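Notes to accompany the following structure.
The values are calculated or read from the model by the stated rules, or taken from the named source; none is laboratory data. Keep in mind that what you see is a predicted model, and the values were worked out from it rather than measured. Note that each Cβ is placed from the backbone with ideal geometry, even for glycine, and that neighbours are counted across all protein chains shown. We work out accessible area using only protein heavy atoms, side chains counted, and drop any ligands, DNA or RNA first. Shrake-Rupley method; radii C 1.70, N 1.55, O 1.52, S 1.80 Å.
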Protein chains: 4
Amino acid sequence: MAANTFGEIFRITTFGESHGIALGGIIDGCPAGLEIDFDFIQAELDRRKPGQSKIVTQRKEPDVVEFLSGIFEGLTTGVPIGFIIKNDNQRSKDYDHIKDSFRPSHADYTYETKYGLRDYRGGGRSSARETVVRVVGGAIAKLLLKKMGVQVHAYVSQVGNLKLGQSYKELDLSKTENNIVRCPDEMMAVQMIDLIDSVRKQGDTIGGLVSAVATGVPAGWGEPVFDKLHADLGKAMLSINAVKGFEYGSGFEGVSLKGSEHNDAFYAEGGKIQTKTNHSGGIQGGISNGQDIFFAVAFKPVATIMMEQESVDKSGNLALVTGKGRHDPCVLPRAVPIVEAMTALVLVDHYLRARTNRI
Amino acid sequence: MAANTFGEIFRITTFGESHGIALGGIIDGCPAGLEIDFDFIQAELDRRKPGQSKIVTQRKEPDVVEFLSGIFEGLTTGVPIGFIIKNDNQRSKDYDHIKDSFRPSHADYTYETKYGLRDYRGGGRSSARETVVRVVGGAIAKLLLKKMGVQVHAYVSQVGNLKLGQSYKELDLSKTENNIVRCPDEMMAVQMIDLIDSVRKQGDTIGGLVSAVATGVPAGWGEPVFDKLHADLGKAMLSINAVKGFEYGSGFEGVSLKGSEHNDAFYAEGGKIQTKTNHSGGIQGGISNGQDIFFAVAFKPVATIMMEQESVDKSGNLALVTGKGRHDPCVLPRAVPIVEAMTALVLVDHYLRARTNRI
Amino acid sequence: MAANTFGEIFRITTFGESHGIALGGIIDGCPAGLEIDFDFIQAELDRRKPGQSKIVTQRKEPDVVEFLSGIFEGLTTGVPIGFIIKNDNQRSKDYDHIKDSFRPSHADYTYETKYGLRDYRGGGRSSARETVVRVVGGAIAKLLLKKMGVQVHAYVSQVGNLKLGQSYKELDLSKTENNIVRCPDEMMAVQMIDLIDSVRKQGDTIGGLVSAVATGVPAGWGEPVFDKLHADLGKAMLSINAVKGFEYGSGFEGVSLKGSEHNDAFYAEGGKIQTKTNHSGGIQGGISNGQDIFFAVAFKPVATIMMEQESVDKSGNLALVTGKGRHDPCVLPRAVPIVEAMTALVLVDHYLRARTNRI
Amino acid sequence: MAANTFGEIFRITTFGESHGIALGGIIDGCPAGLEIDFDFIQAELDRRKPGQSKIVTQRKEPDVVEFLSGIFEGLTTGVPIGFIIKNDNQRSKDYDHIKDSFRPSHADYTYETKYGLRDYRGGGRSSARETVVRVVGGAIAKLLLKKMGVQVHAYVSQVGNLKLGQSYKELDLSKTENNIVRCPDEMMAVQMIDLIDSVRKQGDTIGGLVSAVATGVPAGWGEPVFDKLHADLGKAMLSINAVKGFEYGSGFEGVSLKGSEHNDAFYAEGGKIQTKTNHSGGIQGGISNGQDIFFAVAFKPVATIMMEQESVDKSGNLALVTGKGRHDPCVLPRAVPIVEAMTALVLVDHYLRARTNRI
């Protein structure tokens, strides 16, 4: 059934395949009167774009967004914002070899089983190319959040076994964009780039972590019970291709703490109620408490490798599959803007939902 | 806005507070003709019930479910199943002291800020008492899944630093219910019980992990893009009180693997396509692939501790807060049936969604 | 699939059958801080209650609502409001004769075909008894609307061929509750009562119209395209048992007018923009324009008649069916509060939706 | 909030304004494996197209749909079908005069009030040009329904006071497309065309009725309570521009009948249960009963007339407004395919919903 929509009030619906004519989406529920900064949106797309550095796929796609509706004289009008991004650089022939075989750890087999047929070119709808549309939605969400004083920053905190030791508070996040791996620690960045480059030369791939922080979120966003703010963030992150895990605040490490160590004591400063520590990750009972919201997202190594792998064809016969075409040895650098986009989409939706809390 | 509903086709909507008259829910979209095993449903509630052992809260609540509609002559009729569970054992006076103060790492402050008022008795809607309703829904979902050959097993795999070394495949999950902590390894169970008991005596609390596995799920459940099967499972788990993280398949550990190590090779056996390894956790591209689905859920230590903690009142003045009443020193044992319930709700919904995949 | 929920932000989900243990519902999304007037809610239920006069069913049901959650110290808390209404006066034996046969123009056959089984007692879920839950939801919606200055009035404008000649503007709607048929014109009311009474004595039933007007709705409620205010009102009305048609503003009669006759000229008075006529029925492009919103709803004659009718049983054999039990000869008098309730539910939902129109 | 989506399982989301770059939509939830007949879809668009005859607007728009995703080798793949229709023939200058004034009985005033700004060119989003997208969705729905043996026919049954006396059963609906007004009675068609033409010459407009019938719908489609089949049909019709009323089966006329006259007696023929009459319009209790589903839709006269009308500007000052550009003197002929499209969208959605009725 219909499943390509995200959000309740600020809602994005998306379409498009890796090798189709175009991808695109409809943003419905964006309030009227928001000034659209087209350069900013394009800059966000450029952060995700293939071919931007030597450690990402060398596919060349311009990824230019064309807005078709919902904006008039530079302002949103309150009606749906339709947009498309054309696919210019498909090399569908790269995929003829998997027309009847299933690439390991891809969605070829599951799509074929679910639907009885599939667009095998570049993975079709299952390709991460789909996330280009999310970045457009996230960019508009960011423009609205900015007016609320909310900022979202993501960065690469781990590649393979190379893991940042510091928390986001000890890092200068303004440096994230200074290097091609998007790690705010420059020393670590150099090592990560080397690791990715060496993995790439082996025809292999590697996973890692993206960490993110949202600052300026006021207390009161998020809904009790099922639509807890962190539950919606978790779903948003887990919906991104290659994601295997999500944690917020103290996360998996917090489980070995005692309550007396983990609880965040309240205090007031200048009339504002704060917490001394922030194991809660800025969310208590599913609702933001005014502290920084932070979380981490685990990405597996890319499934397409330039090595021969054993697999099967539709009839269950042995089939050898080797990656062709131009692929990312590591999704992390390009995942950073996608994580930010999904974060922004969740936050802006809950901001609008919170408008109906009280009489 | 409305936020107390979970699911698309098989949908549960819930209500009720810790110290209100009753909690309850409406299951809408359950197919007609399902035989309801009332004893099974009550047994599931008993697994979650307070007072069941020395390591959980000593509150005494019978937690008897009363079905009000949707079942006729023992079968579901296709119309909504309404039900209630009465609150019998409230001691609201235990909460007078937090009427104007905020318990650390609880939802008191965020509810107050969001709504401008709150039912402070026992945490009101933010209490984990709410999960009793989910267990009823999950039990009915399990009855339907059972007809499909799907089983869901959860168990405690970590308490504090005590962590099971084995995967679910190396454990005998039929032993989970043999001990009060619900860990299938009996040796470890003893240690965990001791740890919880010692923490309890200190007036403190401790966190841990629940692991879960769903067997028998056929290939083809789950929807591309936003409603990926693991994204919905993640949201479901993160919506449970005290949860801080979710991972499936190779999870956070998988990020340091290379693609060549992580990919799950396909092979066919007896005409059935399988994978040799299962880093994918039974889900590829958001859709089940017929292998076991497994994941882990991180629970923080319970916020209510029997120690004096610094906090503030509504005006921001210093207020000392000490836990009163009867609380869990560790939620893990009682979380096991809740994790199973939410898993069943996600799976049954995607089972029904998958009925409309093809013409 | 799930289908027993109405509304987007202010959302009611309902359950319950005619002869089940209880009916009830969950109101989710009601803003916090609304004072609940329990007497008013019960008074609304009393307007719909069976047995209130000689021209309605003589079934005796107290229809007392019990609130189970969501209200604390007389105010809504922002979390779901759960409630039940117990069934006290079932005479299920009255329905044994239709266990295997289908009453003409009832839902017996369609439920049986759809679900493969049915709760035949009193029509089960298809009974108009279900609307008691809507009246509770509508009463709470009215309390919120009242704070916005919005009032909803419905009245009986036609019974059989007896039709009021005046529009709502020419009537004194405060007189609606002065007679048992709920027609504000007292002369006409007497005739209508006589007609219903005579039809009742024949064991027959009769249909009619309910007209309604909402005053005080500000400009700006309603959404473009699919969720137009009148489209949601129409769906709301058509979802009421026995309704066959809906029209608003100039309605079916307006189709024979020319544009030059039908258009509502704008003018301004005291700074407020108004229209000279109101063929638009207070809604233009699906959005309220600040004028009165008015519409009419067509109800068919009740299907249960005290006469022998030809029908078939499940096997298709001829079966004679005669109404037993206590039934309404005309639903119109009791439909008035139901029409008002559904109107209030639509309006309050769009009021809250409109809160997110603009940045 | 988001409001441009229709349907639950088979869901269409739309965007686009009268004078924007393009309109378009996303069909999400179409089952995989449906063969797409592109010629049929274009033919449906041609039935709605402006400029097709002398009695409709003389605007020239090619209305060519471009599919961007979701179709592979001529079959749907189960993922979203994105499409656009470019606007080629805008004359935005025709609307400069209403930039600051409100056309009577249009949505100019309500949009301005709701959103604080509006795209005034051609009515922007409020223009009936938006329905072109619905016709694409409806055409694909029809292709799926055709496989189920379901057909939808609409026709013009009234223009002004010219009203067909016969029911759909007494008409030869295959003749509907034989004349430019789309009335299956050729004698009446001639009169209707003359009336529209004469009204057009006066610079005026006229309303009318579209009647529709769906044949071949099996028993069991439609959901109890809120999502009754006729309630969803009603909402669908009322969401079309200029619609003021909806009735099905016996409709408004049925209200003056007695139950003994109105009830549809069941009988069985060749094992199939049928009804002797069909006042129910093929729907009982909100669920199809296997008989023909029929209904009527009231359209008001088009608001744009070529006469000077009194109105106000944004400041409330008197402003004279005269229609410019190329407009329909009567929407009825072009409304026929739109009514069919919305009917098909409702039916196909309920067909898929009904797949989850039973275990």
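Screening D:PRO329 on (1) closer than 27 Å to B:THR77 by Cα; (2) part of a loop (DSSP other than H, G, I, E, B) shows it passes everything except condition (1). Close contacts from region A:309-320, counting a first residue that is more than 8 Å from chain B (Cβ to nearest Cβ) and a second that is hydrophobic (A, V, I, L, M, F, W, C) and open to solvent by less than 80 Å² (accessible area, probe 1.4 Å), with Cβ to Cβ under 6 Å and a gap of 6+ residues or different chains, come to A:ASP313/A:ALA319; A:ALA319/A:VAL312.
Of the residues making up region B:42-60, those that are part of a loop (DSSP other than H, G, I, E, B) and open to solvent by 10 Å² or more (accessible area, probe 1.4 Å) are B:LYS49, B:GLY51, B:GLN52, B:SER53, B:LYS54, B:GLN58, B:ARG59, B:LYS60. Residues in region C:314-321 include at least one that is open to solvent by 10 Å² or more (accessible area, probe 1.4 Å), in contact with an Asp or Glu (Cβ under 6 Å, 6 or more places away or on another chain), of a type in the set (A, V, I, L, M) and within 22 Å of D:SER280 (Cβ to Cβ). Mind listing whichever residues of region D:26-41 are under 18 Å from D:PHE10 (Cβ atoms) and part of a helix (DSSP H, G or I)? The answer is D:PHE40, D:ILE41.
Applying the condition of being of a type in the set (S, T, N, Q) and touching a residue at least 40 places away in the same chain (Cβ under 8 Å) to region B:72-112 and asking which residue is surrounded by the most Cβ atoms within 10 Å (Cβ to Cβ) yields B:SER105.
Which residue pairs have Cβ atoms under 6 Å apart, sit 6 or more places apart or on different chains, and have a first residue in region A:188-212 that is within 12 Å of chain B (Cβ to nearest Cβ) and a second that is part of a helix (DSSP H, G or I) and open to solvent by 30 Å² or more (accessible area, probe 1.4 Å)? Pairs that qualify, where the first residue is within 12 Å of chain B (Cβ to nearest Cβ) and the partner is part of a helix (DSSP H, G or I) and open to solvent by 30 Å² or more (accessible area, probe 1.4 Å), are A:ASP204/B:SER260.
Looking at D:THR304, is it more than 7 Å from chain C (Cβ to nearest Cβ), open to solvent by 10 Å² or more (accessible area, probe 1.4 Å), assigned to a loop (DSSP other than H, G, I, E, B) and closer than 26 Å to C:VAL159 by Cα? For D:THR304, the condition - more than 7 Å from chain C (Cβ to nearest Cβ), open to solvent by 10 Å² or more (accessible area, probe 1.4 Å), assigned to a loop (DSSP other than H, G, I, E, B) and closer than 26 Å to C:VAL159 by Cα - is not met. Restricting region B:153-181 to residues that are part of a loop (DSSP other than H, G, I, E, B) and open to solvent by 40 Å² or more (accessible area, probe 1.4 Å) leaves a set whose member that is farthest from B:PHE299 (Cα to Cα) is B:ASP172.
Scanning region C:280-300 for residues that are free of Cβ contacts under 8 Å to residues at least 40 places away in the same chain and within 7 Å of chain D (Cβ to nearest Cβ) gives C:SER280, C:GLN284. Listed by position, the strands (runs of 3 or more DSSP E) enclosed by region C:182-298 that each have at least 1 residues that are basic (Lys, Arg), open to solvent by less than 10 Å² (accessible area, probe 1.4 Å) and at pLDDT 95 or above are C:243-248.
Selection of region D:112-123 for residues being more than 7 Å from every other protein chain (Cβ to nearest Cβ) and not in a loop (DSSP other than H, G, I, E, B) yields D:GLU112, D:ARG121, D:GLY122, D:GLY123.
For D:ALA32, are the conditions met, namely being facing another protein chain (nearest Cβ under 7 Å), in contact with a Gly (Cβ under 6 Å, 6 or more places away or on another chain) and closer than 13 Å to D:THR76 by Cβ?
Against the criterion (facing another protein chain (nearest Cβ under 7 Å), in contact with a Gly (Cβ under 6 Å, 6 or more places away or on another chain) and closer than 13 Å to D:THR76 by Cβ), D:ALA32 qualifies.
Does D:ILE41 satisfy the criteria of being more than 8 Å from chain A (Cβ to nearest Cβ) and under 17 Å from the mean Cα position of the chain (by Cα)? When the stated conditions are applied, D:ILE41 passes them. Step by step: first the residues of region B:142-152, then only those that are among the aliphatic types (A, V, I, L, M) and away from chain D (no Cβ under 13 Å), then the one that is surrounded by the fewest Cβ atoms within 10 Å (Cβ to Cβ). Which residue is that? If we take residues in region B:142-152 being among the aliphatic types (A, V, I, L, M) and away from chain D (no Cβ under 13 Å), then B:VAL150 is surrounded by the fewest Cβ atoms within 10 Å (Cβ to Cβ). A single entry from B:ALA128, B:ALA139 fulfils the requirement of being more than 10 Å from chain A (Cβ to nearest Cβ) and open to solvent by less than 30 Å² (accessible area, probe 1.4 Å): B:ALA139.
Taking the criterion of being touching a residue at least 24 places away in the same chain (Cβ under 8 Å), facing chain D (nearest Cβ under 7 Å) and not aromatic (Phe, Trp, Tyr), the residues of region C:235-263 that qualify are C:SER239, C:LYS244, C:GLY245, C:GLU247, C:GLY249, C:SER250, C:GLY251, C:GLY254. Scanning region A:346-359 for residues that are in contact with a strand residue (DSSP E or B) (Cβ under 8 Å, 6 or more places away or on another chain) and surrounded by fewer than 24 Cβ atoms within 10 Å (Cβ to Cβ) turns up A:ASN357, A:ARG358, A:ILE359.
Could you tell me whether any residue of region D:74-82 is assigned to a loop (DSSP other than H, G, I, E, B) and on the phi > 0 side of the Ramachandran plot? Yes, region D:74-82 contains at least one residue that is assigned to a loop (DSSP other than H, G, I, E, B) and on the phi > 0 side of the Ramachandran plot. Look at D:GLY82 and say whether it is within 14 Å of chain A (Cβ to nearest Cβ), touching a Gly at 6+ places or on another chain (Cβ under 9 Å) and modelled with pLDDT of 95 or more. Against the criterion (within 14 Å of chain A (Cβ to nearest Cβ), touching a Gly at 6+ places or on another chain (Cβ under 9 Å) and modelled with pLDDT of 95 or more), D:GLY82 qualifies. In the set (1) charged (D, E, K, R); (2) part of a helix (DSSP H, G or I); (3) closer than 30 Å to D:LEU164 by Cα, C:ASP349 fails one condition alone, (3).
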